[in-house]
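The values are calculated or read from the model by the stated rules, or taken from the named source; none is laboratory data. Computed from a predicted model, the values in this text were never measured in an experiment. When we count neighbours, we look across all protein chains shown, and the Cβ atoms used for this are built from the backbone with ideal geometry, even at glycine.
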Amino acid sequence: MTLRLLLPPSVGSARARARGELLDQSLRADLAETVEIDVADGYADLGDRAERGDADLVWMPPTVCARLEPNLRGVFKCVRQGKTSYRSAIVVRKDTLTSLAQLAGKRAAWVDRLSVGGYLLALSELRDRGLVDGLRDQRFHGSYPNALDALLEGQADFAAVTVRDGTPSALRDALAAFGGKTAAEELVGIHVTRETPNDAIGLTRALDPKRAERIARRVFEQKGARARAAFCLALDAEGFVRAIAGEYAELRRLIAHE
């Protein structure tokens, strides 16, 4: 049988081919199945195709997980740096602002309307405090580096970045990764949001229940399995943890509110 895997557009066609070869060899060995890999045109296309059953396995960003979770056979969150969740940090230039209350009347540099770490989580915190309507300007820059550049150049007063947890080291790592040495040295955090689940692999309803459970058990839950190790390498993950039913419900609420 052939297992159809759908990847997000951020992977790119060249990386998708390389990962496909790796997964194909491993799944042939562990499941006696070949792998067919495709890359979605965008996140909306990824969600639509998964919903239609055009793929058996889908690597989903959290926003797509939130949309599809109730209709999937299973969801396995990626583990990175020992964690299956992440947060958003609201950052400003040094010696400017020190609290969320001071963001009233200020300018925001967001990433994208569907970016969890670069928009949705931070916006929810501001909305809870009645600060959103008072913002002077909100602009979307398409990526974390672009949003941080806008902040560093004085085009905005604050931005938001995804962080693995609420520690100072996690914020420094994120700023350095997204904005380089300048961002790590010149930006500081004034608030870290609540956590939300990581991206995940979803088993769609194109799989019959028995086949889905076999894949879940042999690939994502069996430590030491060759296929599991291949998926870890392909998805830059340390492992996988089965999501609890409804784990992405809060994120669905944030998206619907937006």
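A few notes on this one:
- Only one entry of Gly134, Gly105, Gly130, Gly142 meets the criterion of being surrounded by fewer than 16 Cβ atoms within 10 Å (Cβ to Cβ), small (Gly, Ala, Ser) and touching a Lys or Arg at 6+ places or on another chain (Cβ under 6 Å), and that entry is Gly105.
- Boolean, Lys181 is under 30 Å from Leu57 (Cβ atoms), more than 23 Å from the chain's Cα centre (by Cα), of a type in the set (Lys, Arg) and surrounded by fewer than 15 Cβ atoms within 10 Å (Cβ to Cβ): no
- Test: residue in segment 158-165 that is surrounded by fewer than 17 Cβ atoms within 10 Å (Cβ to Cβ), out of contact with any helix residue (DSSP H, G or I) (no Cβ under 8 Å at 6 or more places or on another chain) and more than 14 Å from Arg93 (Cβ to Cβ): yes
- Any hit, segment 113-120, residues being at pLDDT below 95, of a type in the set (D, E, K, R) and either buried (at least 17 other Cβ atoms within 10 Å of the Cβ) or closer than 20 Å to Ile255 by Cβ (or both): yes
- Elements of type strands (runs of 3 or more DSSP E) in segment 54-133, at least 3 residues being in contact with a His (Cβ under 7 Å, 6 or more places away or on another chain): none
- The set of residues in segment 149-178 that are within 28 Å of Glu238 (Cα to Cα), aliphatic (A, V, I, L, M) and more than 15 Å from the chain's Cα centre (by Cα) comprises Ala170, Leu171, Leu175, Ala176, Ala177.
- Screening the candidates Ile215, Ile255 for the property of being part of a helix (DSSP H, G or I), at pLDDT 90 or above and surrounded by 13 or more Cβ atoms within 10 Å (Cβ to Cβ) yields one hit, Ile215.
- Within segment 218-229, residues that are in the same structural domain as Val241 (by TED's automatic domain parsing) sit with their Cβ atoms under 6 Å from residues that are among the small types (Gly, Ala, Ser), at 6+ positions apart or across chains, in these pairs: Val219/Ala227; Arg226/Ser26; Arg226/Ala29; Ala227/Ser26.
- When segment 231-252 is filtered for residues that are charged (D, E, K, R) and either touching a strand residue (DSSP E or B) at 6+ places or on another chain (Cβ under 9 Å) or modelled with pLDDT under 90 (or both), the ones remaining, listed by number, are Asp236, Glu238, Arg242, Glu247, Glu250.
- For segment 21-47, taking the residues that are under 21 Å from the mean Cα position of the chain (by Cα) and in a helix (DSSP H, G or I), the one that is surrounded by the most Cβ atoms within 10 Å (Cβ to Cβ) is identified as Leu46.
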